[in-house]
1. Please go through region 124-157 and pick out each residue that is free of Cβ contacts under 8 Å to residues at least 60 places away in the same chain and closer than 16 Å to Phe104 by Cβ.
2. Which is touching a Gly at 6+ places or on another chain (Cβ under 6 Å), touching a residue at least 12 places away in the same chain (Cβ under 8 Å) and of a type outside the set (D, E, K, R), of Val545, Val529?
3. So if I check each of Gly337, Gly311, which one is at negative phi, among the small types (Gly, Ala, Ser) and in contact (Cβ under 8 Å) with a residue 40 or more places away in the chain?
4. Whether any residue in region 445-467 is modelled with pLDDT of 95 or more, surrounded by 19 or more Cβ atoms within 10 Å (Cβ to Cβ) and among the aromatic types (Phe, Trp, Tyr) is what I want to check.
5. When you look at Glu75, is it in contact with a Phe, Trp or Tyr (Cβ under 9 Å, 6 or more places away or on another chain) and closer than 24 Å to Gly284 by Cβ, yes or no?
6. Within region 70-129, restricting attention to residues that are among the hydroxyl-bearing types (Ser, Thr, Tyr) and more than 19 Å from Pro150 (Cβ to Cβ), which residue is surrounded by the most Cβ atoms within 10 Å (Cβ to Cβ)?
7. Can you tell which of Arg498, Arg479, Arg487 is farther than 21 Å from Gly97 by Cα and surrounded by fewer than 18 Cβ atoms within 10 Å (Cβ to Cβ)?
8. May I ask you to verify whether Val430 is touching a Pro at 6+ places or on another chain (Cβ under 6 Å) and at pLDDT 90 or above?
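The values are calculated or read from the model by the stated rules, or taken from the named source; none is laboratory data. Note that the coordinates shown come from a computational prediction; the quantities given were computed from them, not determined experimentally. Glycine also receives a Cβ, built like all others from the backbone with ideal geometry; neighbour counts cover every protein chain displayed.
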Amino acid sequence: MLRGLGAGAVLGAMPAWARGRSLHGGGAIRAGFDEVSGPVIDLAVGAGMRLVQGRRGHGVAVNGSVPGPLIRLREGQDVRLNVTNHLDEDTSIHWHGLLVPFQFDGVPGVSFPGIKPHQTFTYEFPVRQSGTYWYHSHSGLQEQTGHYGPLVIEPKGGEPVRTDRDYVLLLSEFTPLHPHFIMQRLRTGEHYFSRQRPSWTDKYPMSGAERRMWAQMRMSPTDIADVSAPTYTYLANGRGPKEGMEYLFTPGETVRLRLINGGAMTYFNVRIPGLAMTVIAADGQNVRPVEVDELQIAVGETYDVLVEPRGAEAYAIVCESMDRSGLALAMLASRPGARAAVPALRDPPLLTMADMGMNHGAGDSGHGGMDHGAMDHGAMNHGGMNHGEGGAARPEASHSMAGMSMRDTSLLPPDVAIGPGIDMVSMAPVDKQGDPGLGLRDAGHRVLNYRMLSALEPNADTREPSRLLELHLTGNMERYMWSFDGRMFDAVSDVPIRFAWNERVRVKLVNDTMMAHPIHLHGMFFELVNGQPPAHQPRKNIVTVQPGASATFDLTANEPGDWAFHCHLLYHMHGGMMQIVTVMGPEDRP
């Protein structure tokens, strides 16, 4: 069956400049990817065994490889993608970041029924954009097992920057464990996969009083990632750090790296010791160039960066997991086999009171410039979306520390459902889009943050938003329940967030949990309210909301249909942190 996966596909030998090379031989499912292009593309989804650094596990592959083939399109073309499901279960493909008719967005139960076993579904749409994107399953937990791949769209008028080489670096994870086993273990004990929990004999830089404080709150300052190494082996284009992923260069060339985080649960901190990176695009959208030494890439995000390797024969592309339990690795090499030294993993970061929405001080205050109270918060019928009838008893605050309550639900707006799905409330959330991410606040070098991003081309719509929609990201770690406004997805699936046609809305996301959440909106781009002028607020489709903080974006609702809106941490989405956004069509306009 695996030999037949690619039959009929438009496959070609992908050149080394686009794929990179490997010194490692694969298993039944190949590591790395080929390239497909053209007006008609055939993709086949099948199952098999994967082998990564001696570890075997079940995999789901597209056209026989993990990642699936690089789909290369051109802005302005029409494309037909025939996806055949060779699995014994339903599957799907979501075109992450692409502007498509909602019925081709690929989310079962939201925009289409899914692809049944041994059947073919055809996606057909015009290509309306350019940039770096990716695709992945939205069925079950198949994304964890390898059902993802890169997608690059060439601009109609040519690239705005000149480069000598153009590479894709797709980051992800491998585990021999079945994803449903992982989900079951997280539900029965959320610390099951944690190997970094503090003890009285560890070497974390905490005083005895700090340890007692965390113990009294029944929380852990090392609760950075739900699943990490050694459960995960971190991958670069499907290859582990010992499997020789490399990209060739000639000194003096300009190399474009298209970074894609296709992981299920892992934030990666990316740096190239000895080389600066110039960020030129975020989530496929061009930004004004900004030079940094490191960046954190959330699950689902893409960044395009330029590097100019010169003095050394090799440079290490180091992609540490946010909790620093492991790394993905690739090499920029001036000759095959050239290697640079790989730095040791840095010390794991620790959460602080600020990560629980307390003691922010002046902090990274937001630049929204809009009075919440002055806006018509209820005009969208947010208050009428059956968010509880307002009569729910609000339990007494608990986990009090120095007069600051950890569960003071009286701080929440009345349309947040109070119940067992909430075990923490942020005391004083502030906008932290200037935060580079956990572990990078004192890095000692230039680290990217959202405030540094500015759209290269002016935004088409710079109207003032007509209203504010505030949504709270809520959860209960002990029960592994995740939600928006205290309601898990299965409880709100028939009550969507509604937007009128072409209305301009400001959305404020408040994170009441102590974990970072990458929130993804399907079908549309939004503009981060990050302090840039409205015409140059950066366009994205994913925003990380830091622990105990908030983030704000402006949205023009001009793509009619039903769209998924969710945390892109796979097990958080599966655990309930998802909503449906419905945009009314122009014919429904009053």
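1. First, pick out the residues of region 124-157 that are free of Cβ contacts under 8 Å to residues at least 60 places away in the same chain: 124-128, 139-140, 157.
Scanning region 124-157 gives Glu124, Phe125, Pro126, Val127, Arg128, Ser139.
2. On the way: Val545 fails: touching a Gly at 6+ places or on another chain (Cβ under 6 Å).
Unique residue meeting the criteria: Val529.
3. Values: Gly337 fails: at negative phi.
Selected residue: Gly311, the only one of Gly337, Gly311 that is at negative phi, among the small types (Gly, Ala, Ser) and in contact (Cβ under 8 Å) with a residue 40 or more places away in the chain.
4. Yes, region 445-467 has at least one match.
5. Working: in contact with a Phe, Trp or Tyr (Cβ under 9 Å, 6 or more places away or on another chain): no; closer than 24 Å to Gly284 by Cβ: yes.
Judged against the criteria, Glu75 is not a match.
6. Narrowing region 70-129 to residues among the hydroxyl-bearing types (Ser, Thr, Tyr): 84, 91-92, 111, 120, 122-123.
Among the residues that remain, those that are also more than 19 Å from Pro150 (Cβ to Cβ) are: 84, 111, 120, 122.
On the way: Thr84: 20, Ser111: 23, Thr120: 13, Thr122: 12.
The selected residue is Ser111.
7. Arg479
8. Against the criterion (touching a Pro at 6+ places or on another chain (Cβ under 6 Å) and at pLDDT 90 or above), Val430 does not qualify.
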